[in-house]
Structure formats: C-alpha cells, structure tokens
There are 2 protein chains.
Amino acid sequence: MWKAMEKIKIGILGYGNIARGVECAIAQNEDMELAAVFTRRDPETVKVMTAGVPVCRLEDVGQMEGKIDVMILCGGSATDLPEMGPKYAKMFHTVDSFDTHAKIPEYFAAVDAAAKESGHLSVISVGWDPGLFSLNRLYGEAFLPKGSHYTFWGKGVSQGHSDAVRRIPGVKNAIQYTIPVESAMEAARSGEQPELTTRQKHTRECFVVAEEGADLAEIERAIKTMPNYFSDYDTTVHFISEEELRRDHSKMPHGGFVIRSGETGQGNRHVIEYSLKLDSNAEFTASVLVCYARAAYRLAKTGETGARTVFDIAPGLLSGKSAEELRAQFL
Amino acid sequence: MWKAMEKIKIGILGYGNIARGVECAIAQNEDMELAAVFTRRDPETVKVMTAGVPVCRLEDVGQMEGKIDVMILCGGSATDLPEMGPKYAKMFHTVDSFDTHAKIPEYFAAVDAAAKESGHLSVISVGWDPGLFSLNRLYGEAFLPKGSHYTFWGKGVSQGHSDAVRRIPGVKNAIQYTIPVESAMEAARSGEQPELTTRQKHTRECFVVAEEGADLAEIERAIKTMPNYFSDYDTTVHFISEEELRRDHSKMPHGGFVIRSGETGQGNRHVIEYSLKLDSNAEFTASVLVCYARAAYRLAKTGETGARTVFDIAPGLLSGKSAEELRAQFL
C-alpha cells in the first residue's frame, strides 16, 4: 500500500553528464531516491556516486517495470531520444530533455501514443531551453499580447557548436562560447520592440587546439563560413594549446535571457525579463528534470496518461511542499 | 450549444484603476469580450470605454448569473474582497487580486468553501505579487532547493505607503516610492547567498504636499518613525507643490525582482532572476488577471470547482493559443 512518506523511486537511463547531475539533484530532494542506473556500457565499468545503487544492463530494464516510479531518460536528442522516448514510455512514466526544437511536435506525438497505449505519463523537453525559457516565452506572450519577445543565450558553451568545430579536419579539440550582445539586450529591454537580426543578437567565440602542422588559416575560414552554425554570426577564433583548453575552459557554464516587451492601454510600456546564470548547464538541467519527475509521478497517481510538456504542468506539482505550505510561504 | 469561436464573457465588478486596466486588456485578447460592469455607484455616473457595454447596479448582479462566464472582482483587499470573494464565488466563476499576503490562507478557505458549495471555480490572489513573483519564488525553490531567495520591489509607487503618509495631519497629498538598493541586488546576484536586512534591501522616498502653515519638521518625523511602514527603512522626504506632484508623479510605475541563488553538485552556483519594469501597475496587473480568467473558464468547463491560486494553473491554460501552437512556437 502507498504511504505518504514513501520516497519517489527514480531510475536513470544512460549515465553521462546530465545523469550525474540528476544523481546530485536527487540527493537534494528528500522525497526521492535513486533506485537504479541503466547503461549500455558494461555495468562493471560505471561508477555511480550514490552508495548501494545498482547499475544494470539496459537489456535488463524490463525486469524493473513496476519498481521504478519515474525513469529519467538521459540520452541525447540527435539519435538516442527519438528511439528511447517512445520505447520506454511503454514501460515507465518518463521525463526527458529532448531539445531539437523543430522536431518537438513529431516527438511529442510518438511519445504520446506510446504512453497512452500503455497507461503511462511522460513529460518531454524538460530543462531550461526548451523548458524554463519556453515557459517564460509563453507567460510573456499571454500577459503582454501586444509585444515582442527576445531570447538571448550565453555567455555559455554550446555543445553542438563545439562538436561542429571539432569535426573540421586539423582540429584536435575545441570549445565554442555563445555570447549575447549587450547593446542588443539593452535595445530589447528599452521597450522600443526593435527587430534584431541573428548577427546583432549574438557573437561566437571559439578556442581551438589544432593538430601539429595544420593549416590554421584554413581552419579559421572553415569555421567562419560554416552554414547554420557560424556563417550568420560574427565569430572570433583563438588557437590555444591543449593545456590551456584544459586549464581555462573545462567548466560548462551557460545561461541566457528571455525578454518580453509589450504595451497596454494608451502606450504604457512593460518589460518582463527572465535570466539564468549557470555554473553547470548539466547540473541545472538535471535539477529541473527531477522536479518534473515529481510532477509526472503525481499526475500519474491521479490516473493521467500520455505526453506532457512544461506548458501542461501546474507549478505547484513541481515543489516538494504541500499546497497549504506553498500558499502560506510563497504566495 | 457551446461553439469554439464563442467569446469568453467577462464581467467586471467594481470600476476603479484595475477595472479600467481589465477593460484595456480584454480589448487585446480576441477570445474575450466585456459583458457588463457592476458598480456600487450610480451607473449613470460611470463611463466605460467599451462601446455598448452595460453598466449595472451591483444589486442587480444576480440577474446576470449564467450570462457572465467569469467575473473579475476589482475591489480592494482591505475591506472589499474579504466579503466580495466568498459572496460572488457563490454566483460566478471569479478571479481576484487579493493581496494581503498574511491573510491568504483564510481567504482561500472562505472562497474555496463558497465556490465548492455552488459549483464554481475561483482563482484568487492573481497579479504580479502575489502572482508572478510568487510563481518565481516557487519555481526557484523547486529547481534550486539548496539556496536563498530575494524579492526586491520598485522602483515604484506603493499605494499603501502613499495612503499612510496622506493620513498624517498637515499632509494634503503625497506619493511614496519604494526603491531597491542596487548593492543589495548585486549581493543577491553574486551567488554568495548573503543575509540582507529590511533596511539593506530597500529605501523609501516620499514626495509630500503639505497644507499651508503645517509643521514640516513634524510631518517628516511622523513619516520616518511610523512603525511597519517606515521605521525599518532609510526614508527621504521631499516637500513639493501640488502642481509638481501632478506634473512629475502622476504615473504609477512599479516593478521589482525575484532572485534565487543556489548550489548544485560540488559547489556549482546558479542564479535565476525574474524582473518586471512596469509603466502602469494597474494595467499590467489587469493583463495578468484576464489570462487567469481564461484559465478559470477552461478549468470550469472541465467541471473543476473550488478555489485555486497561480500555483494550481498549468501555464498553457493562460494562453489563447492551442496546445499544438504552443509546442510548435514557444517550446
């Protein structure tokens, strides 16, 4: 029988940076516990931080049906989640951080069908963008329908752009920072509702370790002209040593700003701004994931099934506090 | 029979600043229309902006049961809403901006009982504080449980403090600005999680029109030593003319900041900041109220009853867009 004090049993599927962040986040929330970690690797080679937690083969995940309250899918969006999302929504209530914005509608449909068919509840595309930034875009547009919104990212490391640089011949290692342009942010905050181009909003800065004897000018040209990733931006390229990269660029900070500017009545202007400044992108994303796991657990308990996004989750469901406590302390 | 394109019929009860803001906000949302305004005054003396909208006596409100989808209660929190909230929750789905933080639990209980008994749904304490700031306090604590939160108000006009100054003998008119202290905001944003006293966080600035022959030094002393309102703050008092007050202080700007600072993993620091810069406090509050009226309408359609707060409302319910549009455009 269910007891109120029983902890929410979280499973982690895939054990990379986000998963380690989830493990840290569970330790900060006393109503949850880590039940098991599932990996495609040899479980013997995976060391988790939490004492006594079993590391299991992904093939054995079926044996845990009913023993995990919510499974947090920690795979990547490019190839892992499109397959994992619908597959594991058939076996567990799930939460994931699918972040390929353009493919969200089809991913939602696939997970929704799988979850409904099997009576599970899945919250997709959780994190800060998509996630908290999405919420603030929605809130901003709802409260100030006559207005404009602006999303700025950074200063922070873009994994996708770093990977793109690393694929260039002659590049041994690289990291890319996305940097919001201060004057563009000021324009967005002014309430004037300016139109801002891609180039006006962000610059990109790359720190590149080249292979010995590589053509540096050619690498720089290849970066700056790369379509989609760099050609629409002003990009700066620095060549540094492997040691400098390790010493100065090993943290993964990120963050950004969502600014909504709008007008009411006879020309009264309002600006809503939401910002994040994160030392660790993965750990913060993971902290958001566990809150949505709590919400998934609660919604599933009431019999809801299918896919959900952050837009469908009442804020109170995210907190470990009761509705009474929330009203008394935070309202 | 209900048709999808039919507009949500909003009623306004009480016709002051917030009500006029609600009227403006309805005009910006094409899925709603203003059905009627109810007033305690002689309806002949109340001019509304929207053509063709009836202004009715409050005594006749009972005749409109069933003709109003959601009634927005635009009374004050001190004396109007404690009585109005439960009374009109028996007749309509309601939304209000009850903002006496300490009395929210008892107000919630009274409205909840009335709404449940009569099969209505009421969203209480909507606006920006309580309201959007409350949401951000909740979100911040959920995502960064090991952390501290800070609310700063201003720069803006506090109605309550302005009224308190106006009650001092010898004061003809006055306005009070609450001003956040920049260095305290910087400390909150630093991630150091400092403890900040009331005096460190805000200063207060009063612009006072004195009656002829009044003892200015005595007025200044009375303001600065007033318990609860001013004695815990550093306060500046300026004496100005009625004309200067009208010329320089007729707008009602406001705003503020909610900052959550917290830690994950091995000392990684994160800062979440939400801020509002509002030209018109009343119009922005009203814009938020109409979105929650939309949510109340939708929840009531599904048969939900009782009192709710912003914590109970899924973000997607606030927007005029469909769930599919929201996922495609904002996620």
Divide by every residue of chain A the summed helix terms, -39500 (n - 2.57) for each DSSP H run of at least 4, and state the resulting mean residue ellipticity at 222 nm, rounded to the nearest 500 deg cm²/dmol. -10000 deg cm²/dmol
Given a 1.4 Å probe, show me the residues in region B:20-38 buried by at least 50 Å² of accessible surface when comparing the whole protein assembly to the chain alone. B:Gln28
Could you state how much accessible area A:Arg298 has, in square angstrom rounded to the nearest 10, with a 1.4 Å probe and all protein chains kept in place? 70 Å²
Kirkwood estimate for region B:91-142, i.e. one over the average of 1/r between Cα atoms, Å: 11.8 Å
Give me the percent of accessible area attributable to carbon and sulfur for region A:1-109, probe 1.4 angstrom. 52 percent
Partners for B:Lys224 among aspartates and glutamates (Cα-Cα distance below 16 Å; same-chain residues under 8 apart left out): B:Asp163, B:Glu205, B:Asp215, B:Asp232, B:Asp234
If you take every DSSP beta bridge whose two residues both sit in chain A, what share of them, in percent to the nearest 5, is antiparallel? 50 percent
Of the peptides B:43-49, A:147-153, A:321-327, how do they stack up when ordered by the mean number of other Cβ atoms within 10 Å, highest first? A:147-153, A:321-327, B:43-49
Could you give the dipole magnitude of region A:61-150 about its Cα centre, charging the beta-carbon of Lys and Arg +1 and that of Asp and Glu -1, in debye to the nearest 20? 160 debye
Counting only heavy atoms of protein chains, what accessible area per residue, in Å², does region A:1-142 have with a probe of 1.4 Å? 43 Å²
Between the alpha-carbon centers of region A:265-331 and region B:144-177, tell me the distance in whole angstrom. 29 Å
Give me D for the protein assembly as shown in µm² s⁻¹, whole number, from Stokes-Einstein with Rh from the Kirkwood sum over alpha-carbon pairs, 4 °C and 1.567 mPa s. 48 µm²/s
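Determine the shape class of region A:68-205: with a ≥ b ≥ c the square roots of the Cα gyration tensor eigenvalues, call it rounded for a/c under 1.5, and otherwise prolate if a/b is greater than b/c, oblate otherwise.
In terms of gyration-tensor shape, oblate.
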Using just the Cα positions, wrap region A:102-181 in a convex hull and report its mean projected area in square nanometres, one decimal place. 8.5 nm²
How far is it, in nm, from the label point at A:Asp234 to the one at B:Glu212 when both lie 7 Å from their Cα along the line to the Cβ? 6.2 nm
Using a label point 7 Å beyond Cα on the Cα-Cβ vector, give me the inter-copy distances for A:Thr79 in nanometres, one decimal, shortest first. 7.2
Local charge sum around A:Lys116 (other residues, Cβ-Cβ under 12 Å, Lys/Arg +1, Asp/Glu -1)? -1
In square nanometres and to one decimal, what's the mean projected area of the convex hull around the Cα atoms of region B:56-98? 2.9 nm²
Could you tally the net charge around B:Ala328, taking each other residue with its Cβ under 14 Å from the Cβ of B:Ala328, Lys/Arg +1 and Asp/Glu -1? 0
Report which residues of region A:101-143 become buried by 50 Å² or more of accessible surface when going from the isolated chain to the complete set of protein chains (1.4 Å probe; DNA, RNA and ligands ignored). A:Leu138, A:Tyr139, A:Glu141, A:Ala142, A:Phe143
Other copies of B:Asp31: label-to-label distances in nm, shortest first, labels 7 Å along the beta-carbon direction: 3.0
Using the beta-carbon distance between A:Glu6 and A:Leu58 and R0 = 41 Å, what value does 1/(1 + (r/R0)^6) give for FRET efficiency, to the nearest 0.05? 0.95
Among DSSP beta bridges lying fully in the protein assembly as shown, give the percent that are antiparallel, nearest 5. 55 percent
In Å, what is the Rg of the alpha-carbon atoms in chain B, and how long is Dmax? 21.8, 68
Cα-derived Rg over Rh, computed across region A:142-251 with Rh taken as Kirkwood radius: 1.08
Cα-based convex hull, region B:185-300, per residue volume (Å³, whole number): 178 Å³
5 angstrom amide H check on A:Met32, placed H, neighbours 5+ away: A:Ile8
Label geometry 7 Å along the beta-carbon vector: B:Ala328 inter-copy distances in nm: 4.7
Within the set B:Lys67/B:Lys103; A:Lys201/B:Lys201; B:Lys47/B:Lys321; A:Lys9/A:Lys116; A:Lys103/B:Lys321; B:Lys7/B:Lys301, which residue pairs have Cα atoms separated by over 25 Å? B:Lys67/B:Lys103; A:Lys201/B:Lys201; B:Lys47/B:Lys321
Report D for region B:235-318 in µm² per second (integer): Stokes-Einstein, Kirkwood Rh on Cα pairs, 20 °C, 1.002 mPa s. 125 µm²/s
For region B:1-132, the Cα convex hull volume per residue in Å³ comes to 120 Å³
Pairs of Cα atoms farther than 18 Å apart, region A:199-259, %: 48 percent
Taking the DSSP beta bridges in region B:144-241 as the whole, what percent of them are antiparallel, to the nearest 5? 65 percent
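Compute for chains A and B the buried accessible surface, both sides summed, probe 1.4 Å, and express it in Å² to the nearest 100.
Numbers: alone 16930 and 16940 Å², together 28300 Å².
Using a 1.4 Å probe on protein heavy atoms, the buried area is about 5600 Å².
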DSSP H helices in chain B with Cα extent of 27 Å or more along the helix axis and mean Kyte-Doolittle hydropathy at least -1.0? B:281-301
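The values are calculated or read from the model by the stated rules, or taken from the named source; none is laboratory data. All values reported here derive from a predicted model rather than from experimental measurement. Methodologically, a virtual Cβ is constructed for each residue, glycine included, from the backbone with ideal geometry; neighbour enumeration extends over all protein chains shown. When the accessible area is computed, the model is the full protein with side chains, heavy atoms only, and any ligands, DNA or RNA have been set aside. Shrake-Rupley method; radii C 1.70, N 1.55, O 1.52, S 1.80 Å.
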